[in-house]
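Peer 1: Structure below; questions to follow.
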Amino acid sequence: MADAKSGAGTDITSVLKEKRVFKPKAEFSGLAHIKNRAQYDRLYRKSIKDPEGFWGTLAEQELVWHKKWTKVLEWKYPFARWFVGGKINVSYNCVDRHLSSWRRNKAAIVWEGEPGDARVLTYQDLHREVCRFANVLKTLGVEKGDRVAIYMPMVPELPIAMLACARVGATHTVIFGGFSSEALKDRINDSQCKVVITADGGYRRGQTVPLKTNVDAALADAQSVQHVIVLRRTHEAIHFEPGRDHWWHEMMSASSNDCPPERLDSEHPLYILYTSGTTGKPKGVLHTTAGYLLGVTVTAKYVFDLKEEDTFWCTADIGWVTGHSYIVYGPLSNGATVVMYEGAPNYPEPDRFWHLIEKYRVTVFYTAPTAIRSFIRWGEQWPRRHDLSSLRLLGTVGEPINPEAWMWYHHVIGAGKCPIVDTWWQTETGMIMITPLPGVTPTKPGSCTLPFFGIDPLITNKEGRELPQNHGGLLALRRPWPAMFRTLYGDPERYRRQYWEEIPGVYFTGDGARCDKDGYYWMMGRVDDVINVSGHRLGTMEVESALVHHPSVAEAAVVGRPDEIKGQGIVAFVTLRGAVEPSADLREELRGHVTKEIGALARPDEIRFTDALPKTRSGKIMRRLLREVATSGGIVGDTTTLEDFSVLDRLRHQEEE
Ligand code: WTA
């Protein structure tokens, strides 16, 4: 820890000690796509020694091409082109190719709306809808290369719209339905969209979200948009602008079923997805066609061990990358059946997810740690009411999972028999990068374990020096991978600077991590969520894990605040489980508990009880805001991505008694 004293170093002291190991069961491994460690090792070695051979073979096996590529990878640091010279269409691969087999009448999307309405679209149905809607886009003048904004609820027309864009070569940008008109406007303007696809409204927790009204407000300041297509979902009264606005159902009824897919270049831009950066200005992460499709196809197959008869449910919203890659493109490319649900997990009651798993006999379930912590808080009586025996595999994504939440997921949802894949990746990586393979990798609660094929991670300090085993540092990636983002839309310099020049020569993820003696990765949170106490940099996640381990605690968020003596002091924001009352005694007990779990170093200087934590709409705790509350008592920073604004007021008024 030579540089820790200065506070400028990038070593991170790791305090999480997790000893439990869960081996995959022989019955599972025997049937899995990848069955044992030797097979993984062999493929991994090949993927690192000969990446072009490895990915080239997979591209031939897993995708259907209009024209084969001439070169697998052209790497001009930090810009990559994959499958150079190839011609391919993503919608063809996700839909048409399944029509030549019995899959034509297989369920592609099993959908349920929040009010309880339900629909099933077979691959044939999906094909018809995608083709018709692609023709609607053409009728409105959408051409290859145009940008189209999609601002919709979680209804089947959302993936239909995405696939239709992919079919004609328009680049979509899906904007999460929870974003305000302000955020919508910024994104539409940044990518200069020609068309917006939306709905009158959507359902969320028994209320409706006024999507079209938000679009109207955004378009007052967005000149690029020529047409708006409106799906009727909630039937609420909306403003309709003649000439600009068109009903989805009217356009569709006049549209033909026949729409051959465009033969697109491998590097044709498939989508732009905006993600928040440290500066507050959203970044347009750009993904292209062939490499992205290959990455998500292969990871969906091997990480979720997808079989023909699986029913796969990823609970993310399609407005986030998880929904793009593992509701739409990855599973459909594999010809899988996906479940899609429109609404909130606790509507009408906290067992909606378990109800859906039972009703549709879901076999593979993929959700986020923040959701799991909510389930824990609501109590295990809710899942216990349902037959979850169809489940065979569970997954998590989005943030580090606390070992206690992992154990709950394992026992209460997985009945102790389902492997858990804790998948680490990012909007920028496009595909899962570090993850167990369910038939192969013994799991340790809280670790996302080993790199996927072709992925070459590195734990380093800021200067690019590799750190030894079990040393917390910065997670970087050494080589390009097919689903990597190609640039930030309209800002290649920022792409270069922020991702490829922070640490010389490698891709910097922005995450802290350590690698243990078995080569397992343990994520420690974003580097800007790291606190430095007396020269020891602690991952906020580890202190949070210790708190959540206490039986009274449902959720915890930890931030640093300046401390004259220690550099930084620790402030913990704690949400208690259902029936537990806050008290001074409990506060002392929790401090003692952290001391016992981690050591006095991590003992919180202050604990604030709160009934809710500020989160982004994708469920990430906004520690930046908590830092402000802890430091100055107020908030001046950007709050546009916050899910529930009332949380801030409540936090401000909750001083330590
Ligand atoms: C975090 C979501 C620990 C990480 C797919 C990353 C995780 C950021 C995990 C990307 C995981 C995601 N364990 N941390 N399994 N998965 N993260 O762009 O900090 O919304 O950099 O993509 O989430 O979030 P994004």
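Peer 1: Look at Ile420 and say whether it is closer than 18 Å to Pro551 by Cα, of a type in the set (A, V, I, L, M) and either touching a Phe, Trp or Tyr at 6+ places or on another chain (Cβ under 6 Å) or within 16 Å of the ligand (Cβ to nearest atom) (or both). Spell out the reasoning first.
Peer 2: Values: closer than 18 Å to Pro551 by Cα: no; of a type in the set (A, V, I, L, M): yes; either touching a Phe, Trp or Tyr at 6+ places or on another chain (Cβ under 6 Å) or within 16 Å of the ligand (Cβ to nearest atom) (or both): yes.
In short, no.
Peer 1: Looking at (1) in contact (Cβ under 8 Å) with a residue 40 or more places away in the chain; (2) in contact with a helix residue (DSSP H, G or I) (Cβ under 7 Å, 6 or more places away or on another chain), which is the only condition Ala218 fails?
Peer 2: Every listed condition holds for Ala218 apart from (1).
Peer 1: Which of the following residues is under 21 Å from the mean Cα position of the chain (by Cα), under 19 Å from Tyr44 (Cα atoms), more than 13 Å from the ligand (Cβ to nearest atom) and β-branched (Val, Ile, Thr): Ile455, Ile434?
Peer 2: Ile455
Peer 1: Here's a follow-up. Kindly check whether there is at least one residue in segment 559-576 that is buried (at least 17 other Cβ atoms within 10 Å of the Cβ), touching a residue at least 60 places away in the same chain (Cβ under 8 Å) and within 16 Å of the ligand (Cβ to nearest atom).
Peer 2: Yes.
Peer 1: Among the residues of segment 463-474, is there at least one that is touching a Leu at 6+ places or on another chain (Cβ under 8 Å) and buried (at least 23 other Cβ atoms within 10 Å of the Cβ)? Can you show your working first?
Peer 2: Going through segment 463-474, the residues touching a Leu at 6+ places or on another chain (Cβ under 8 Å) turn out to be 466, 473.
Going one step further and asking which of them are buried (at least 23 other Cβ atoms within 10 Å of the Cβ), we end up with 473.
Checked against the condition, which is being touching a Leu at 6+ places or on another chain (Cβ under 8 Å) and buried (at least 23 other Cβ atoms within 10 Å of the Cβ), segment 463-474 yields at least one hit.
Peer 1: Ok, one more. When the residues of segment 289-327 are narrowed to those that are away from the ligand (no atom under 16 Å from the Cβ) and of a type in the set (D, E, K, R), which ends up surrounded by the fewest Cβ atoms within 10 Å (Cβ to Cβ)?
Peer 2: Within segment 289-327, the match that is surrounded by the fewest Cβ atoms within 10 Å (Cβ to Cβ) is Glu309.
Peer 1: I'm told Tyr203 meets every condition in (1) under 23 Å from the mean Cα position of the chain (by Cα); (2) part of a strand (DSSP E or B); (3) within 17 Å of Tyr274 (Cβ to Cβ) except one. Can you identify the failing condition by its number?
Peer 2: (3)
Peer 1: With closer than 25 Å to Ser545 by Cβ, modelled with pLDDT of 95 or more and not in a loop (DSSP other than H, G, I, E, B) as the only criterion, which of Ile459, Ile432 stands out?
Peer 2: Numbers: Ile432 fails: not in a loop (DSSP other than H, G, I, E, B).
It is Ile459.
Peer 1: Return the residues of segment 56-76 that are part of a loop (DSSP other than H, G, I, E, B) and either over 26 Å from the mean Cα position of the chain (by Cα) or at pLDDT below 95 (or both); say none if nothing qualifies.
Peer 2: Listed by number, the residues that qualify are Val64, Trp65, His66, Lys68, Trp69, Thr70.
Peer 1: Would segment 394-407 turn up any residue that is of a type in the set (Gly, Ala, Ser), surrounded by fewer than 22 Cβ atoms within 10 Å (Cβ to Cβ) and in contact (Cβ under 8 Å) with a residue 60 or more places away in the chain? Even if it seems obvious, please write down each step before you answer.
Peer 2: So in segment 394-407, the residues of a type in the set (Gly, Ala, Ser) come out as 395, 398, 405.
If we keep only those that are surrounded by fewer than 22 Cβ atoms within 10 Å (Cβ to Cβ) too, we end up with 398.
Within this subset, residues satisfying the condition of being in contact (Cβ under 8 Å) with a residue 60 or more places away in the chain are 398.
Checked against the condition, which is being of a type in the set (Gly, Ala, Ser), surrounded by fewer than 22 Cβ atoms within 10 Å (Cβ to Cβ) and in contact (Cβ under 8 Å) with a residue 60 or more places away in the chain, segment 394-407 yields at least one hit.
For every residue, the table says whether it meets (1) touching a Ser or Thr at 6+ places or on another chain (Cβ under 8 Å); (2) aromatic (Phe, Trp, Tyr); (3) modelled with pLDDT under 95.
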{"residue": "Asp305", "(1), (2), (3)": "no, no, no"}
{"residue": "Glu308", "(1), (2), (3)": "no, no, no"}
{"residue": "Trp320", "(1), (2), (3)": "yes, yes, yes"}
{"residue": "His324", "(1), (2), (3)": "no, no, no"}
{"residue": "Ser333", "(1), (2), (3)": "yes, no, no"}
{"residue": "Tyr341", "(1), (2), (3)": "yes, yes, no"}
{"residue": "Ala344", "(1), (2), (3)": "no, no, yes"}
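Peer 1: If you don't mind, there's one more thing I want to ask. Can you tell me which condition Glu399 does not meet? The list is (1) at pLDDT 95 or above; (2) among the charged types (D, E, K, R); (3) within 15 Å of the ligand (Cβ to nearest atom), and all the others hold.
Peer 2: (1)
Peer 1: So, one more: Of the numbered conditions (1) away from the ligand (no atom under 16 Å from the Cβ); (2) out of contact with any Pro (no Cβ under 7 Å at 6 or more places or on another chain); (3) among the hydrophobic types (A, V, I, L, M, F, W, C), Leu273 fails exactly one; give the number of that condition.
Peer 2: That leaves (1) as the condition not met.
Peer 1: A further question on this structure: Scanning for something within 24 Å of Thr396 (Cβ to Cβ), surrounded by fewer than 24 Cβ atoms within 10 Å (Cβ to Cβ) and acidic (Asp, Glu), does segment 515-527 turn up at least one residue?
Peer 2: yes
Peer 1: Output the number of the condition that Thr427 fails; it satisfies all remaining conditions of (1) part of a loop (DSSP other than H, G, I, E, B); (2) of a type in the set (Val, Ile, Thr); (3) crowded, with 24+ Cβ neighbours inside 10 Å.
Peer 2: All conditions are met except number (3).
Peer 1: Here is a further query. Given the condition within 16 Å of the ligand (Cβ to nearest atom), free of Cβ contacts under 8 Å to residues at least 40 places away in the same chain and of a type in the set (A, V, I, L, M), answer yes or no: does some residue in segment 379-393 qualify? Spell out the reasoning first.
Peer 2: Going through segment 379-393, the residues within 16 Å of the ligand (Cβ to nearest atom) turn out to be 393.
Filter once more, keeping what is free of Cβ contacts under 8 Å to residues at least 40 places away in the same chain: none.
Checked segment 379-393: no residue is within 16 Å of the ligand (Cβ to nearest atom), free of Cβ contacts under 8 Å to residues at least 40 places away in the same chain and of a type in the set (A, V, I, L, M).
The values are calculated or read from the model by the stated rules, or taken from the named source; none is laboratory data. Just so we're clear, the structure is a prediction, and the values are computed from it rather than from any experiment. When we count neighbours, we look across all protein chains shown, and the Cβ atoms used for this are built from the backbone with ideal geometry, even at glycine.
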